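What follows is a single structure, written as structure tokens, with notes after it.
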Amino acid sequence: MAKDSVEKTQEEIVQEMAKALGHTGSLLEETLKQLKEIELSMSQIEDIEEYNCIVDRFNAVRDSAIFRREMLIIHREALGMRQHKFMDICYPIPPRKKKR
């Protein structure tokens with residue numbers, strides 16, 4: 001009986017870790033979507049001051065995307081996944097933007 005409860009606990013831990021992995025991936029995808037939206041709005045702005053403000057916002061969201069991708073890698077490693085070479089392909093993070 002004790003073995004069953006240990007196995008059940010281990011299974012629950014793995015399920016929670018997998019749920020955390022999925023949540024982290026979703027947060028990263030949402031952040032990358034925000035980057036695309038900001039980038040699109042930047043392409044339509046002619047006012048230099050307004051553009052520069054949006055550059056600051058873009059770069060802050062980009063930093064958040066980098067952090068979220070790092071967290072995703074950490075969660076993957078916690079589950080035993082050690083190959084991360086596809087992360088840049090699946091979750092591309094654009095370069096920093098420069099002010100005008």
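Of all residues being over 17 Å from residue 75 (Cα atoms) and among the aliphatic types (A, V, I, L, M) in segment 1-17, which is modelled with the lowest pLDDT? Just the residue, please.
The initial filter retains those residues of segment 1-17 that are over 17 Å from residue 75 (Cα atoms), namely 1-9.
Filter once more, so that each one left must be among the aliphatic types (A, V, I, L, M): 1-2, 6.
Values: 1: 58, 2: 64, 6: 89.
It comes out as 1.
Considering only residues of segment 73-88 that are of a type in the set (A, V, I, L, M, F, W, C) and in contact with a helix residue (DSSP H, G or I) (Cβ under 7 Å, 6 or more places away or on another chain), which is farthest from residue 15 (Cα to Cα)? Walk me through it before giving the result.
To start, the set of residues in segment 73-88 that are of a type in the set (A, V, I, L, M, F, W, C) comprises 73-74, 78-79, 81, 86-87.
From what is left, the residues that are in contact with a helix residue (DSSP H, G or I) (Cβ under 7 Å, 6 or more places away or on another chain) are 73, 78-79, 87.
Details: 73: 17, 78: 12, 79: 10, 87: 22 Å.
Per the stated criteria, the residue is 87.
How many residues are assigned to a helix (DSSP H, G or I) and surrounded by 16 or more Cβ atoms within 10 Å (Cβ to Cβ) when one looks only at segment 74-92?
3
For residues that are among the aliphatic types (A, V, I, L, M) and closer than 17 Å to residue 73 by Cβ, scanning just segment 18-51, find the one that is surrounded by the most Cβ atoms within 10 Å (Cβ to Cβ).
Filtering first and then ranking leaves 28.
Hey, residue 100 hits all of (1) buried (at least 16 other Cβ atoms within 10 Å of the Cβ); (2) touching a helix residue (DSSP H, G or I) at 6+ places or on another chain (Cβ under 6 Å) but one; which does it fall short on?
(1)
Out of all the residues in segment 1-52, which are farther than 16 Å from residue 66 by Cα, within 13 Å of the chain's Cα centre (by Cα) and without any contact (Cβ under 8 Å) to a residue 24 or more places away in the chain?
Once the filter is applied, which keeps residues that are farther than 16 Å from residue 66 by Cα, within 13 Å of the chain's Cα centre (by Cα) and without any contact (Cβ under 8 Å) to a residue 24 or more places away in the chain, segment 1-52 yields only 22.
The values are calculated or read from the model by the stated rules, or taken from the named source; none is laboratory data. Given the structure is predicted, the values throughout are model-derived calculations rather than measurements. Neighbour counts are summed over all protein chains in view; Cβ atoms, including those assigned to glycine, are modelled from backbone coordinates with ideal geometry.
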